[in-house]
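Down below is the structure, laid out as structure tokens.
The values are calculated or read from the model by the stated rules, or taken from the named source; none is laboratory data. None of these values were measured; they are calculated from a predicted model. Here the Cβ positions follow ideal geometry from the backbone for every residue, glycine too, while neighbour counts run over all protein chains shown. Please note that ligands, DNA and RNA were not included when accessible areas were found on the heavy atoms of the full protein model with its side chains. Shrake-Rupley method; radii C 1.70, N 1.55, O 1.52, S 1.80 Å.
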Amino acid sequence: MAKMQTTLVLMAGLMAAQASQAADDFRVTYAGSMGVVMDKYLGPDFAKEKKVNYQGQGQGAYGMANLLASKKVVADVFVSITPGPVEILQKAGMAGQAIPVASTSMVIAYNPKGKYAEKFAAIKDGKAGAEPWWKVLQTPGLQFGRTDPVSDPQGQNIIFTMMLAENYYKQPGLEKAVLGDVQNPKQISGEGGLLTRLEAGQVDAASGYESATISAHLPYIKLPDEINLSNPQMSKDWYSKVTFNVKDATGKEKTLSTQPLVFYAVVLNNAPHPELAKEFIRYMQSAKGQKLFEQNGYDKPKGGNL
């Protein structure tokens, strides 16, 4: 009996220690494309400075926002791409004001060792006679990768980019020719693994944010402001002209509109460490934090608070 009591005491002590350790973890959730800058640079640097245990978790921003809103995931900070995911949390009473911390633009990333690499490189380098990027993407057999437009802003943004390209280049049918159906299972994969699949040669080209593509050290084709969703000044008179419908997880159809490619950070209302969360957002805004963003391919924040 005494031995059993000792075992129970030890187990209780171990569980208490594990609970204490978990409570001391500083948790940041973020849009999946931010994995490199968050988990290799910003998170560890902040953790070292504050002597805390940083834990990062990335996923498609809409999917992550819904997990946070339903309290299936508990975190201190959420960093989203575009305002939409933050607005989900604000409507659920889970978040207050969100602060812009960086921005980016849409690009077309490609595998530097793939069979279409030479064509994409010619476009990237602006060589005379190079085929347009949108025409190469229509090559029979070329595998294009993108993320789910239901759960991830990038999955929505590549559709907007192709719709804008259709208008900009005056190429009716371009969006359908490159992407197929809105939710095309032959192209869609999780955001966190998309560029990994590209690097591994599982796809020949993929949608990407310039920031994440630079962080992954992959080559890419820059797109004009008219289609890359980076210029807030074009939102009203140009970007806003394209919309599309998608069915959410409940089967309800909704109309999606473009949003600026700005990264917003917000403290969760149920954050275990709210003061530390505020400090982390200030850190991201600081000269040191902005330098780390810049080194990983991110642009300065654009727009005001949400």
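Out of 105, 151, 70, one residue alone is free of Cβ contacts under 8 Å to residues at least 24 places away in the same chain and among the polar types (S, T, N, Q). It is 70. For the range 247-304, the set of residues classified as among the acidic types (Asp, Glu) and over 28 Å from residue 234 (Cβ atoms) consists of 275, 279, listed by residue number. Working only within the range 63-86, note down all residues that are part of a loop (DSSP other than H, G, I, E, B), of a type outside the set (A, V, I, L, M) and open to solvent by 40 Å² or more (accessible area, probe 1.4 Å). Those that are part of a loop (DSSP other than H, G, I, E, B), of a type outside the set (A, V, I, L, M) and open to solvent by 40 Å² or more (accessible area, probe 1.4 Å): 70, 71, 72. If only residues of the range 42-62 that are under 20 Å from residue 208 (Cα atoms) and open to solvent by 50 Å² or more (accessible area, probe 1.4 Å) are counted, the one that is modelled with the highest pLDDT is 57.
Across the range 224-241, not a single residue is classified as at pLDDT 95 or above, polar (S, T, N, Q) and open to solvent by 20 Å² or more (accessible area, probe 1.4 Å). From the residues in the range 27-41 that are modelled with pLDDT of 95 or more and assigned to a strand (DSSP E or B), which one is farthest from the chain's Cα centre (by Cα)? Across the range 27-41, the extreme among qualifying residues is 27.
If the condition is being in a loop (DSSP other than H, G, I, E, B), open to solvent by less than 50 Å² (accessible area, probe 1.4 Å) and either in contact with a Gly (Cβ under 6 Å, 6 or more places away or on another chain) or closer than 17 Å to residue 204 by Cα (or both), then the range 133-159 contributes 137, 139, 142, 147, 148, 149, 151, 152.
Residues considered: 216, 206. Of these, the only one that is modelled with pLDDT under 90 and surrounded by 14 or more Cβ atoms within 10 Å (Cβ to Cβ) is 216. Checked against (1) more than 17 Å from the chain's Cα centre (by Cα); (2) of a type outside the set (S, T, N, Q); (3) assigned to a loop (DSSP other than H, G, I, E, B), residue 175 passes all but condition (3). Please determine whether any residue of the range 277-293 is open to solvent by 20 Å² or more (accessible area, probe 1.4 Å), more than 20 Å from residue 62 (Cα to Cα), small (Gly, Ala, Ser) and free of Cβ contacts under 8 Å to residues at least 40 places away in the same chain. Yes, that holds for at least one residue.
Is one or more of the residues making up the range 100-108 exposed (fewer than 15 other Cβ atoms within 10 Å of the Cβ) and either of a type in the set (A, V, I, L, M, F, W, C) or in a loop (DSSP other than H, G, I, E, B) (or both)? No: zero hits.
Here the condition is being open to solvent by 20 Å² or more (accessible area, probe 1.4 Å), in contact (Cβ under 8 Å) with a residue 12 or more places away in the chain, among the polar types (S, T, N, Q) and part of a helix (DSSP H, G or I); of 90, 97, it holds for 90 alone.
Evaluate the following for residue 199: is it out of contact with any Gly (no Cβ under 6 Å at 6 or more places or on another chain), over 26 Å from residue 92 (Cα atoms), surrounded by fewer than 22 Cβ atoms within 10 Å (Cβ to Cβ) and not hydroxyl-bearing (Ser, Thr, Tyr)? When the stated conditions are applied, residue 199 passes them. Taking every residue in the range 121-135 that is touching a residue at least 24 places away in the same chain (Cβ under 8 Å) and pairing it with any residue that is part of a helix (DSSP H, G or I) and of a type in the set (Gly, Ala, Ser), at least 6 positions away or on another chain, the pairs with Cβ-Cβ distances below 7 Å are 134/165. So which residues in the range 115-127 are in contact with a strand residue (DSSP E or B) (Cβ under 8 Å, 6 or more places away or on another chain) and part of a loop (DSSP other than H, G, I, E, B), if there are any at all? 116, the sole residue that qualifies.
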